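Chemist: Just dropping this structure here.
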Amino acid sequence: MNEEQDRKNIGGGVLEAIKRGKIRMRPRWHFVLRAVLLITGIALMFLFLFYLISFIFFTMQQAGNWFVPVFGPRGWLVFLRSLPLLLICLSGIFIVVLEVLVKKYSFAYRKPLLYSASAVLLLVLLGGAFMAPMHRGFFRSAQENKLPMMGLFYKNFGPPQRPGEVHRGEVIGRNSDGLQMQDVFGGTSTVVIYPETRLPYGADFETGDTIVVFGQKDESGTIRAFGIREIGDFDLDSGFRRSGKMFPVMK
Amino acid sequence: MSLADRTDEEVVAMVQGGDVDAFGVVVERYEQKLLRYARKFLFGQDDAKDLVQDVFIRAYSNLQSFDAKRRFSPWLYRVAHNEFLNVIKSKKGKETFSLFDIDVLFPHPIARETADERANSREIKDWMEKSLNSLDAKYREPLVLYYFEEMNYQEIADILQIPVSTVGVRLGRGRALLKKNIRPDK
């Protein structure tokens, strides 16, 4: 009896409301549009994160801090201290938003959060690492004031701002104590190599090699090298290379 | 073929095509199930009928988002779940329903129900009748969907939008809590 009553009330009420036009079925395009917006949102979020993460990689590579963990705990300390926390926090927020969006799909919510979040993180890190070289061009344009909107961004975050213990440069000669290096500011430094200097990838430095020197620089421009490594594939980007010569632009 | 002989998905496709009367068949097929779901999950609220009516209204409004190639019942239960969750959220203080749960974070081995537990499903239903109200909503809901609505793990995962392994964890914990409430000495 109760069931029959429920049926009359619910079924009758709903159908009556539909027929009177009180309830309307949303058109299919409404849901298609929502789906398209969601996919677009996810794609834009991925692109933005690729950009942000690659920029973090780029600044750390350009400052040289990316390469110092190889020198042991002291290198790790400098590496951790040099992390751009503001950009990392911003990336973290966007990764959370991206995860929330991705979780709307069954392939994501059916798996533990750890898996889907790890997959998102791995994707943005890989994409970021892949896109890092793109910033060289942007950075050069910013230095030449050819990047009106983003130029300030590159100038504010752009590498390197204050030389600390990490020095990037190009080997311009060798001497009995060590090396002569032209840094990204255009200055010349003497790098003194000691028996205890850490050389994880050997001491076979040649003129033209791009290196990272880890150590304190004194007032005379001499660096007491705690460690040196070659970073062959990472060109100096604070200066230009024209016809094989470096033209420093920061003075 | 009469409407009664058609599958849910075929009937829904007719409604999507403009046959309003076919929606009456959908209501007829699911109203008792959804009333039971509402009464068990929201522990016998007086307004269960109104809530189920709202579920059908919402389902009708959003029917074009349903893909007729998929199963209709998990989709409809998902609509109901969202509606009921809004009720729980609107009655703050009475019951909490966390947006984030640690259970969904880590992988768990999928603890399928043993043959023994399946044989005791009548007994578990009896426990639920007596003591379901004592359980948190996050344990109560999968138990109701599994034992009363006879959904499988995958369907429950789709309705609640949680990992399949988490469904197993919540069912296991829910059963254990029920057992503890019914037989405190064990």
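Chemist: Give A:Ile18, A:Ile53, A:Ile23 a once-over and let me know the one that is crowded, with 20+ Cβ neighbours inside 10 Å, within 11 Å of another protein chain (Cβ to nearest Cβ) and among the hydrophobic types (A, V, I, L, M, F, W, C).
Modeler: A:Ile18
Chemist: Taking segment B:1-29, which residues are assigned to a loop (DSSP other than H, G, I, E, B) and either within 22 Å of A:Glu16 (Cβ to Cβ) or among the basic types (Lys, Arg) (or both)?
Modeler: B:Arg6, B:Gly17, B:Gly18, B:Asp19, listed by residue number.
Residues checked against (1) farther than 23 Å from B:Tyr147 by Cα; (2) more than 10 Å from chain A (Cβ to nearest Cβ):
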position	(1), (2)
B:Leu3	yes, yes
B:Asp21	yes, no
B:Phe41	no, yes
B:Asp50	yes, no
B:Asn62	yes, no
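Chemist: Restricting attention to segment A:58-117, report how many residues are among the basic types (Lys, Arg) and away from chain B (no Cβ under 11 Å).
Modeler: Qualifying residue count, segment A:58-117: 2.
Chemist: For A:Phe139, state whether it is modelled with pLDDT under 90 and part of a helix (DSSP H, G or I).
Modeler: So A:Phe139 passes the test.
Chemist: Of the residues that make up segment B:67-80, is at least one at the interface with chain A (Cβ under 9 Å from one of its Cβ atoms), surrounded by 14 or more Cβ atoms within 10 Å (Cβ to Cβ) and at pLDDT 90 or above?
Modeler: No, segment B:67-80 contains no residue that is at the interface with chain A (Cβ under 9 Å from one of its Cβ atoms), surrounded by 14 or more Cβ atoms within 10 Å (Cβ to Cβ) and at pLDDT 90 or above.
Chemist: So, of the residues in segment A:172-193 that are part of a loop (DSSP other than H, G, I, E, B) and touching an Asp or Glu at 6+ places or on another chain (Cβ under 9 Å), which turns out to be farthest from A:Pro73 (Cα to Cα)?
Modeler: A:Val184
Chemist: In segment A:151-176, how many are exposed (fewer than 13 other Cβ atoms within 10 Å of the Cβ) and either polar (S, T, N, Q) or modelled with pLDDT under 85 (or both)?
Modeler: Number of matching residues: 6.
The values are calculated or read from the model by the stated rules, or taken from the named source; none is laboratory data. The model shown is predicted, which means the values in this text are computed figures rather than measured ones. We place every Cβ from the backbone using ideal geometry, glycine too, and count neighbours over all the protein chains shown.
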